[in-house]
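Report on the following structure.
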Amino acid sequence: MGKKVLIFASLLAFVSCSTSTPKEFNEALTAGIAKAENLVNSYDPVVLEAMEKNMPDSITSLSKRVLAELAKEQFNIKELASSEDEMRLKKAAEDYIGALINFVKSQNLYADYSDSLSQEEIRAIDKVCSDALVTVKMLRSKLTDYQNAFIKDKNIK
C-alpha cells in the first residue's frame, strides 16, 4: 500500500510540474530573476561602503551569503519544469544569474584591497569588475529579448 501511495504522489508531482502554463513559467522565472537582481543591487553599495571604511572582512562575509543565495536562485530556475520552447528562455535566465555570480565574485576581489596594492593591481581589479558588469548587461539584454519574444509568442498578458 505504501509503495502505491508513493508512486501516486510522485506521478502527481510530476504531472503538476509539467503542466504549468507559460504564464506561470514566466512569472516564476521573473520572480527568480528579480530576487537575484535585488541581492546584487543591495550588495554593490555595501562593497563600496566597506572599501571606504577599510572593512574588507565584511565584503568577504557578505559575498559568501550573496553567492549562496544567487546559486539557490540559479538552481531554482534550472529546476523549473519547462517545455521545449521555454528552454531557451530558461537557459538565458540561468546564464544571466551566472553572470551576476561572476560579478559578485569580481567585487569580492576588493576584499584584498589594501594600501599595499600597486596602481596596476588596482586597475586590474577594476578591469575584472568592469568586464563582469559588461557581461551582466549583455546577458540581461539577451534575456529581455528572449522574454519579450516568449511573452509575445505565448500571448501572455
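The values are calculated or read from the model by the stated rules, or taken from the named source; none is laboratory data. Everything numeric in this text was worked out from a predicted model, so none of it was measured. Every residue, glycine as well, gets a Cβ built from its backbone with ideal geometry; the counts of neighbours run over all protein chains shown. Areas reflect the complete protein model, heavy atoms only, side chains present, ligands, DNA and RNA absent. Shrake-Rupley method; radii C 1.70, N 1.55, O 1.52, S 1.80 Å.
Structure data summary
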{"quantity": "In segment 127-157, the residues that are among the charged types (D, E, K, R) and part of a helix (DSSP H, G or I)", "calculated": "K127, D131, K137, R140, K142, D145, K152, D153"}
{"quantity": "Qualifying residue in segment 142-153 (condition: open to solvent by less than 30 Å² (accessible area, probe 1.4 Å) and either farther than 23 Å from G32 by Cα or of a type in the set (V, I, T) (or both))", "calculated": "no"}
{"quantity": "Among residues of segment 104-157, those that are more than 21 Å from the chain's Cα centre (by Cα) and aliphatic (A, V, I, L, M), counted", "calculated": "6"}
{"quantity": "Residues located in segment 18-43, provided they are of a type outside the set (K, R), surrounded by 15 or more Cβ atoms within 10 Å (Cβ to Cβ) and within 21 Å of the chain's Cα centre (by Cα)", "calculated": "P22, F25, N26, A28, L29, G32, I33, A36, E37, L39, V40, Y43"}
{"quantity": "Search result, residues across segment 114-139 that are of a type in the set (D, E, K, R) and exposed (fewer than 14 other Cβ atoms within 10 Å of the Cβ)", "calculated": "D115, E120, R123, D126, K127, D131, K137"}
{"quantity": "Options A99, A81, A111, A92; residue that is at negative phi, open to solvent by less than 40 Å² (accessible area, probe 1.4 Å), part of a loop (DSSP other than H, G, I, E, B) and touching a residue at least 24 places away in the same chain (Cβ under 8 Å)", "calculated": "A81"}
{"quantity": "Selected residue (only one of N76, N41 is within 27 Å of T21 (Cβ to Cβ) and out of contact with any Asp or Glu (no Cβ under 9 Å at 6 or more places or on another chain))", "calculated": "N76"}
{"quantity": "Segment 44-68, residues that are at pLDDT 95 or above and open to solvent by less than 50 Å² (accessible area, probe 1.4 Å)", "calculated": "V66, L67"}
